[in-house]
Structure formats: C-alpha cells, structure tokens
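A.B. asks: Below: one structure in structure tokens.
The values are calculated or read from the model by the stated rules, or taken from the named source; none is laboratory data. Since the structure is predicted, the reported quantities are computational estimates derived from the model, not experimental observations. Heads up, the Cβs are rebuilt from the backbone with ideal geometry, glycines too, and the neighbour counts pull from every protein chain shown. Remember, those area values only see protein heavy atoms, side chains included, never the ligands or the DNA or RNA. Shrake-Rupley method; radii C 1.70, N 1.55, O 1.52, S 1.80 Å.
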Amino acid sequence: MNLLTSPYLVLLPETSERCAFLSLLNKKTYTYDKKVLSILKQCIHPTSLLDLYEQYDQAEIENLINDNILLNYLTVWDQYHFIRAEIETHTLCNFRCKYCPISISPSTKQEVMSLDNFEECLKKISSQKTISEVTFNAYNEPTIDPYFCHRTELVTQYELNLAISTNGSALTVDKLKQIKKNGVGHLIRFNLPSVDLKKYEALTQTTGILDSVLNSIDMAVSMDINICIIVNGVANEALQEMEAILKRFPKLSKEQVQYGLTTDRAGRLEEEYYQDIHNTNPHLFGCSIAFSTLYIGVDGMVYLCSCDYGKKYVYGNIFNDTIDEIAKSVYAANLKKNVFGAQEAPADFICRRCIDMKRLKPFKQRLNKFM
C-alpha cells in the first residue's frame, strides 16, 4: 500500500515541541511531536508503507493512518465526512433580505419536494451515522412549505435532529407545537436582523411583519423550545443590534443571540455586503464546509456549497444514488481536487471569491512551508 499525506489538513499554530493538525473534513484536531512533519513531507508523494516502517517507528505510522493523517493513495479522493444535511424542501421565500442573494435574483416559481422523495433523502441520510443534523433550508422559508409539519414528523421518525432556520413570519402556534412535540433535539434559528421597525423593514424589504415575527419568538420562548437568534448584516451594525435584541428578549442568554457571519456569498452580493475577495493562488487552501455538509436541491441534485446559489457545481443526485456513491464519484473527486489544492482550480471557480477560503490561507501555508 502506498500512502499520501492527507490534502484535507491544515496546521494550527505550533507550540515549542508539538504541532496540531486540523482535519477540514471531520473538524478534529490531532496533536503530534514535530518530528512527524518529516514523515508528512516524505509522503507528499506516494510512499510505500513498508518503506515507512523501515525508516520510522511502526506504531507512529499506524497512529497517523488511524487518524487519517496518512491516506491510502488509491482512495484519497474518496474521503468525506458529512455531519449535517441541508435539504431544499421547496424554492420560495417571502422575504427579500438585502444580505441574501434572493434580494437580487429571487425564485419566482415554487417547486416542492414530494414527501416520497423527501423520505428517500432521510433514509439515505440516516444511513450516514456521522450526520446529526438536518435542515430544510436553501434560500427559502421552510415554514411556508405546504408539507412542513409532515416533514418534521418524518425527521423525528428517522431519529435525526432538525435545525429550522426561519424568518418566523409563518411560524404559527400549531407549527411550534408540532416542533415541540417532535423532539428535544430540534432547534429553531430565527433570522432577526433588528428589533427596530424601520431598520428591520429596510433590511428584509418587508412591511407589517415584524410584530408577528417577535410574537413567534415570544411564543417559542414561552414553550421552552430550543432557539437561537441569528443577526445578519454589516458586522458593526449587527453587533449593535444584538444588544437591542437581548434587551427585547431578556430570557435569552448571550449564547442564544449570535452574529450571522454575513458574507457576500462568493461575490454574489453587492454594495455594503460585497467583500471583494480574490483567491488568486493557483492552488486553493481547502474548506471546512464542502464535503462536511450535504447540500440537496429540491430536484435531488447534490451540490458543492451554500454559496452556490445557482447550483452550478453538482456532483450527484440523491434520488438516484447512495450518498457513498455520490461522495466518491469522479465529479466529487474533481471538485475536491479544486477545493483542496491538488490541482489548479479554474479562474472562475466559486471558491476563488469566497471569504472562508481566504480565512484558511494562513493555516494551509503554515503546513506548506514544512512540505
């Protein structure tokens, strides 16, 4: 067997004697003596296991293999570790939030995933023991889906945790009761950019809805449902709004009101949300989201990332194939090679415009300087 240093690693800041690697697939950190860097440098190119046993301590090589620091050269691009699944149950949203691509190019036709197809997704998702969370989101408002309550029941039947991201405008008492009934592991994430009426309506491009949204949050709190509030917007303004939201909902902890880390969705948003990102290095640096979140479109297509608003980067269809077949397809392998820097990504590749890719650059470069 020939081994290769995992392309899914970045190197965290070192201590004097130890080095810590973060796997971008499973989000785990592995700490080793710095001498392993010489092993990883040697295994940039496929290296025989027997040769490694002759040069280094066998137990140390086995530890590196068990931790997926060293991978089988033949299956290196088969790797994946999905921990959550986003299912686009339907395609419409009733808001036009300025920090969302819907404000620029909204979907005008509602497509709805059938319950049969939805259950097919859940069957396959539940077979992946690493997936602990399912959402109904993909630039839509999940609670206006005609099958919303039925879907929450099915998620519970398959013993999956549901995380609902919602603007709260259609979250009625009956829907809240359904969520409460269906499981303690369920979570509601409310999108609430402001409690100030003028600011809220400007940001969401709605009128006459804020009181209903605030009432929905009040009801969820009174029913002791697990919730948090996500505050999107320009960083400094959003942080100020968080203080006002905590005053409006005094029963919530600071941990339950979170900044949404608003991005320009790989260059799609404009004006104050545009981040002007240009990752120009020929080889990119990796991603902690791609191949750890399974993105499923309303038509069953599996695509790369939440920033892929137009679903340009598709690598399978969950209605036709198993998750394992999809994640190990030649289409998935090609995307992984682009994302994790094994080949030069195209000039127009989506990750070249992504802030998350830029944030990983120093961690990947820290590892590369030893290679």
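A.B. asks: Given a cut-off of 19 Å, name the pairs among Lys123/Lys311; Lys27/Lys361; Lys41/Lys336; Lys41/Lys369 whose C-alpha atoms lie farther apart than that in the structure shown.
C.D. replies: Details: Lys123/Lys311 23 Å; Lys27/Lys361 17 Å; Lys41/Lys336 21 Å; Lys41/Lys369 10 Å.
Pairs exceeding the cut-off: Lys123/Lys311; Lys41/Lys336.
A.B. asks: For the stretch 254-358, state which GluC sites (Glu not before Pro) are in a DSSP loop and have at most 15 other beta carbons lying within 10 Å of their beta carbon. Could the numbers behind the result be given before it?
C.D. replies: Working: sites: Glu255, Glu270, Glu271, Glu272, Glu325, Glu344; in loops: Glu270, Glu344.
Answer by residue number: Glu270, Glu344.
A.B. asks: What angle do you read, to the nearest 10 degrees and between 0 and 90, between the alpha-carbon axis of helix 173-182 and the longest principal axis of the chain?
C.D. replies: Once rounded, the angle reads 40 degrees.
A.B. asks: Let me ask you something else. For the chain, calculate the relative contact order in percent as a whole number, restricting contacts to Cα pairs under 8 Å that are 6 or more residues apart. Please report the intermediate quantities before stating the final value.
C.D. replies: Working: 649 pairs, mean separation 68.1, N = 371.
Computed over the chain, the figure is 18 percent.
A.B. asks: Whole Å is fine, so just give me how far the alpha carbon centre of the stretch 127-159 lies from that of the stretch 222-284.
C.D. replies: 23
A.B. asks: Taking the chain as the reference, fit the longest principal axis to its C-alpha atoms, fit the long axis of helix 235-248 to the helix C-alpha atoms, and give the angle between the two in degrees, 0 to 90, nearest 10.
C.D. replies: The angle comes out near 50 degrees.
A.B. asks: Quick one: angle between helix 148-157 and the longest Cα principal axis of the chain, in degrees between 0 and 90, rounded to 10, please.
C.D. replies: Between the helix axis and the principal axis of the chain, the angle is about 40 degrees.
A.B. asks: How much accessible area per residue does the chain have, counting only protein heavy atoms and a probe of 1.4 Å, in square angstrom?
C.D. replies: Working: 17270 Å² over 371 residues.
For the chain, the solvent-accessible area averages 47 Å² per residue.
A.B. asks: Would you kindly state how much longer the chain becomes between Lys34 and His278 on full extension, computed as 0.36 nm times their sequence separation minus their alpha carbon distance, in nm to one decimal? Working shown, then result.
C.D. replies: Details: separation 244, 0.36 × 244 = 87.84 nm, distance 3.28 nm.
Between Lys34 and His278, full extension yields an extra 84.6 nm.
A.B. asks: Express the relative contact order of the stretch 1-48 as a whole percentage, based on alpha carbon pairs under 8 Å and six or more residues apart in sequence. Could you put the intermediate results ahead of the total?
C.D. replies: Details: 61 pairs, mean separation 20.2, N = 48.
Reported relative contact order: 42 percent.
A.B. asks: Still on this model: Does the stretch 132-197 classify as rounded, prolate or oblate by the C-alpha gyration tensor (a ≥ b ≥ c root eigenvalues; a/c under 1.5 gives rounded; else a/b over b/c gives prolate, otherwise oblate)?
C.D. replies: Values: a/c = 1.78, a/b = 1.65, b/c = 1.07.
Note, shape of the stretch 132-197 comes out prolate.
A.B. asks: Further question: Add +1 for every Lys or Arg and -1 for every Asp or Glu among the other residues with Cβ under 10 Å from the Cβ of Asn338, and state the total. The partial results should precede the final answer.
C.D. replies: Values: positive: Lys336, Lys337, Arg352; negative: Glu344.
It works out to a net charge of +2.
A.B. asks: How much of the accessible area of the chain, probe 1.4 Å, is carbon plus sulfur, in whole percent? Please list the in-between numbers first.
C.D. replies: On the way: 8470 of 17270 Å².
Roughly 49 percent, rounded to a whole number.
A.B. asks: Give, as a single signed number, the net charge of other residues whose beta carbon lies under 11 Å from the beta carbon of Ala163, with Lys and Arg counted +1 and Asp and Glu -1.
C.D. replies: Values: positive: Arg84, Arg189; negative: Glu86, Glu133.
My count for the surroundings of Ala163 gives 0.
A.B. asks: Let me check against my output: what whole-number percent is the relative contact order of the stretch 251-356, with C-alpha pairs under 8 Å and at least 6 apart? If you can, show how the numbers build up before the last one.
C.D. replies: Numbers: 129 pairs, mean separation 34.8, N = 106.
33 percent.
A.B. asks: OK, next. Taking the Cα centroid of the stretch 296-371 and of the stretch 43-85, what is the distance between the two, rounded to the nearest whole Å?
C.D. replies: Computed from Cα coordinates, the inter-centre distance equals 22 Å.
A.B. asks: With the Cα gyration tensor of the chain in hand, convert its eigenvalues to equivalent ellipsoid semi-axes via √(5λ) and list them largest first in whole Å.
C.D. replies: Semi-axes from the Cα gyration tensor: 39, 23, 20 Å.
A.B. asks: Count the net charge of all other residues whose Cβ sits under 14 Å from the Cβ of Ile225, scoring Lys and Arg as +1 and Asp and Glu as -1.
C.D. replies: Working: positive: Lys175, Lys177, Lys180, Lys181, Arg189, Lys251; negative: Asp174, Asp218, Asp224.
For residues surrounding Ile225, the net value is +3.
A.B. asks: Hey, which lysines would be in cross-link range of Lys199, C-alpha to C-alpha under 16 Å, not counting anything within fewer than 8 residues on its own chain?
C.D. replies: Lys98
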